[in-house]
Amino acid sequence: MTSHISHTSVDCRDAYALSVFWGQVLGYAGDPDEPDEPGDEECLLQSPDGAHRLLFIEVPEPKEAKNRIHLDLEPVDGTREQEVERVLALGATLVDDRRRPDGGWAVLADPEGNEFCVLRTRAEREASGSL
């Protein structure tokens with residue numbers, strides 16, 4: 001017997017604003033039959049193929065410590081550097097720069113401080129001989 005992940009939940013202060021940010025980062029969208037709106041306490045996004053869903057849930061307490069779980073993003077189009085710049089322009093902040101010419105990653109935070117990483121693409125890893 002096994003289970004599968006129904007969705008990944010993210011506690012936040014503003015579910016709508018955070019869902020807009022992550023929708024832009026990941027190319028995910030809400031349900032057009034039940035659109036999310038400012039002030040909604042829960043906002044659900046899903047990947048274009050429907051395989052993964054993110055649920056943003058408003059909670060009263062602020063984020064106080066480093067995430068115990070986080071997303072590692074691999075760019076679909078462009079390079080790691082281009083993706084870091086794009087996500088920064090969407091409102092992320094750089095928390096820790098662990099990028100190296102032969103690998104590494106950038107640690108960023110979304111507008112509410114939730115950390116995530118941007119990795120190199122498979123093509124970048126293959127070019128440097130490190131998969």
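Readers should treat all values here as calculations from the given coordinates under stated rules, not as data from a laboratory. Computed from a predicted structure; not experimentally measured. Methodologically, a virtual Cβ is constructed for each residue, glycine included, from the backbone with ideal geometry; neighbour enumeration extends over all protein chains shown.
Which FRET efficiency value, to the nearest 0.05, do you get for M1 and H52 by plugging their Cβ-Cβ distance into 1/(1 + (r/R0)^6) with R0 = 22 Å?
For R0 = 22 Å, the calculated efficiency reads 0.50.
Sum up the charges of everything whose Cβ sits under 15 Å from the Cβ of A123, counting Lys and Arg as +1 and Asp and Glu as -1, but leave A123 out.
Values: positive: R80, R120, R122, R125; negative: E74, D77, E81, E83, D102, E124, E126.
My count for the surroundings of A123 gives -3.
So between A127 and R13, what do we pick up on full extension, going 0.36 nm a residue minus the alpha carbon distance?
36.9 nm
Name the residue farthest towards the positive end of the dipole of region 8-62 from the options L44, I57, Y28, assuming +1 on Cβ of Lys and Arg, -1 on Cβ of Asp and Glu, about the Cα centre.
Of the listed residues, the answer is Y28.
So if I place +1 on the C-beta of Lys and Arg and -1 on the C-beta of Asp and Glu, and nothing else carries charge, what would the dipole magnitude of the chain be about its Cα centre? I want it in debye, nearest 20.
Details: 13 positive and 28 negative charges, 170 e Å.
Roughly 820 debye, rounded to the nearest 20.
Rounded to whole Å and sorted largest first, what semi-axes of the equivalent ellipsoid does the C-alpha gyration tensor of the chain yield via the square root of 5 times each eigenvalue?
Here the semi-axes work out to 27, 17, 15 Å.
Where Lys and Arg each count +1 and Asp and Glu each count -1, what net charge lies around E112 among other residues with Cβ under 11 Å from its Cβ?
-3
Report the Cα-based extents of region 8-62 along its three principal axes, largest first, to the nearest Å.
In descending order, the Cα extents are 33, 20, 15 Å.
What number, in percent, do you get for the relative contact order of the chain if the mean sequence gap of Cα pairs under 8 Å and at least 6 apart is divided by its residue count? Kindly include the intermediate steps, with their values, before the conclusion.
Details: 220 pairs, mean separation 29.4, N = 131.
Relative contact order of the chain: 22 percent.
Taking the Cα centre of region 63-131 as origin and charging only Cβ (+1 Lys, Arg; -1 Asp, Glu), how large is the dipole, in debye to the nearest 20?
Charge dipole of region 63-131: 200 debye, to the nearest 20.
Lys/Arg Cβ at +1, Asp/Glu Cβ at -1, dipole of region 76-131 taken about the Cα centre: which of G91, S128, W105 is farthest positive-ward?
Result: S128.
If you place +1 on the Cβ of every Lys and Arg, -1 on the Cβ of every Asp and Glu, and leave all else neutral, what size is the dipole of region 8-62 about its Cα centre, to the nearest 20 Debye?
With Lys and Arg at +1 and Asp and Glu at -1, about 300 debye.
So between D97 and R68, what do we pick up on full extension, going 0.36 nm a residue minus the alpha carbon distance?
Full extension from D97 to R68 adds 8.6 nm.
Helix 15-26 against the longest principal axis of the chain: what's the angle in degrees, Cα atoms only, rounded to the nearest 10?
The angle comes out at about 30 degrees.
Can you put R100, R86 in order of Cβ neighbours within 10 angstrom, beginning with the fewest?
R100, R86
Where does the chain land at 222 nm, in deg cm²/dmol rounded to the nearest 500, when only DSSP H runs of n ≥ 4 count, each adding -39500 (n - 2.57), divided by all residues?
Counting only the DSSP helices, I get -6500 deg cm²/dmol.
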